[in-house]
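As structure tokens, the structure follows; a few thoughts come after it.
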Amino acid sequence: MTGKVYFISGGNRGVGYEFVKQLSSNPENTVLASARDVSKATELQKLADTQGNVKIVTLDVGDKASIDALDSQLKSVAKDGIDVMISNAGIAESLALAIDTSQQAYEKHYRINTLGPIFLTKVLYPYLKQRETRHLIYISSIAASIGAQLPFTTNAYGQSKAALNYSVKEISFELGPENFVAIALHPGQVNSDMGKASVVAATEFNPATMELFKDIKLLEPEESVKLQLENVILKLGKEQNGKFLDFQGQELVF
């Protein structure tokens, strides 16, 4: 199978790192992975040192200046274009009631989870246009589904991911005529640092949610990424453009 060029934001830990690891295991692929502070991304650096098909770039998706500076790095590592963008970087740091959540918390979540992926897409757009694949994968969450509203608050996180989903729908019909395919993708409840912290925070905020979480199978990052790749990303086609899918390839309600 002919390899592709992948760009993965937040490629230094959790699900993002697993995407880098699994996609780069195919030596025909080139994987461009971003980290906010490359000096602290030790595992990612080790991978890049041992595998010549992994390239690291500096990117903070919550900082517009950092996103704008990305282009100068891509000119050398992605001069022949990018096939697939996996917008993975995000945060989940607010579970307070909607009326109690601070303006700072709202703005931080929207800046990183919603606006960051949009501005990242703008920077990557000319590189994706150089290739025929043109796939845009936005890592979202079941918490973003308004139609399947979870029976507990996810507040700034859920809101910002719902806004991301709305943006994915817009991008899907705006860029669809140019043969882009854009989807929102729920990775499952992942046993990553962020996933575990979210469960702990949710149950501390509302102990009744413990009952809900006990029947949810936590996926290890390796398993989540394997399923996302096998069931969705590696078989993505135009018929999925604009959809909200889970790691099993099932369509979710926006």
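The values are calculated or read from the model by the stated rules, or taken from the named source; none is laboratory data. Since we're looking at a predicted model, the values are computed, not measured. Quick reminder, even Gly has a Cβ in these numbers, built from the backbone with ideal geometry, and neighbours come from all protein chains shown. Areas reflect the complete protein model, heavy atoms only, side chains present, ligands, DNA and RNA absent. Shrake-Rupley method; radii C 1.70, N 1.55, O 1.52, S 1.80 Å.
Annotation: average projected area of the range 3-112 is 7.5 square nanometres, based on the convex hull of Cα atoms across all directions.
Under a 1.4 Å probe, what is the accessible area of the chain per residue, stated in Å²? Please report the intermediate quantities before stating the final value.
Details: 12140 Å² over 254 residues.
Counting only protein heavy atoms, the per-residue value for the chain is 48 Å².
Relative to the longest principal axis of the Cα atoms of the chain, helix 155-175 runs at roughly 40 degrees.
Largest first, the extents of the alpha carbon coordinates of the range 117-194 on the three principal axes equal 43, 26, 18 Å. Rounded to the nearest 10 degrees, the inclination of helix 116-128 to the longest alpha-carbon principal axis of the chain is 20 degrees.
Only one item in (1) 31, 19, 17; (2) 28, 19, 18; (3) 30, 24, 16 matches semi-axes √(5λ) of the Cα gyration tensor in Å derived from the coordinates shown, and that item is (2).
Pairs of Cα atoms nearer than 8 Å and 6+ residues apart set the relative contact order; for the chain it is 18 percent. Per-residue ellipticity at 222 nm from helix content only, as computed over the chain with -39500 (n - 2.57) for each DSSP H run of at least four residues, stands at -12500 deg cm²/dmol. I want to check the label-to-label distance for Glu239 and Glu43. Put each point 7 Å from Cα in the C-beta direction and report it in nm to one decimal. Taking the simple label geometry, Glu239 and Glu43 are separated by 3.6 nm.
Divide the volume of the convex hull around the Cα atoms of the range 49-112 by the residue count and you get 118 Å³ per residue.
Determine the percent antiparallel among the DSSP beta bridges restricted to the chain, to the nearest 5.
Values: 1 of 26 bridges.
Rounded to the nearest five, the antiparallel share is 5 percent.
Kindly flag which residue pairs out of Lys21/Lys64; Lys21/Lys169; Lys55/Lys243; Lys108/Lys217; Lys79/Lys129; Lys64/Lys122 have an alpha-carbon separation exceeding 19 Å in this structure. Table pairs above 19 Å Cα-Cα are Lys21/Lys64; Lys21/Lys169; Lys55/Lys243; Lys108/Lys217.
As a length-normalised measure over Cα pairs under 8 Å and 6 or more apart, the relative contact order of the range 14-162 settles at 23 percent.
Compactness ratio of the range 1-40: Cα Rg over 2.2 N^0.38 Å, N = residue count? Could the numbers behind the result be given before it?
Numbers: Rg = 10.3 Å, N = 40, 2.2 N^0.38 = 8.9 Å.
Here the answer is 1.15, to two decimals.
For the range 1-60, the relative contact order comes to 35 percent (Cα pairs under 8 Å, sequence separation of at least 6). Annotation for Glu174 and Ser72: the two label points, set 7 Å from Cα along the Cα-Cβ direction, are 2.6 nm apart. Assuming charge only on the beta carbon of Lys and Arg (+1) and of Asp and Glu (-1), the dipole of the chain about its Cα centre is about 440 debye to the nearest 20.
Carbon and sulfur: what percent of the chain's accessible surface (1.4 Å probe)?
Numbers: 6360 of 12140 Å².
C and S atoms contribute 52 percent here.
Peptide packing for 139-146, 247-254, 91-98 was compared via the average number of neighbouring C-beta atoms within 10 Å per residue; ordered from the highest value, the list is 139-146, 91-98, 247-254.
Accessible area per residue was computed with a 1.4 Å probe on protein heavy atoms; Arg134 scores about 40 Å².
Compared with the dominant Cα axis of the chain, that is its longest principal axis, helix 14-24 is turned about 30°. Here's the picture: charge each Lys and Arg Cβ at +1 and each Asp and Glu Cβ at -1 in the chain, and of Val77, Ser94, Asn113 the one pushed furthest to the positive end of that dipole is Val77.
In summary, the range 73-166 shows an alpha-carbon radius of gyration equal to 1.27 times the 2.2 N^0.38 Å reference for compact globular proteins.
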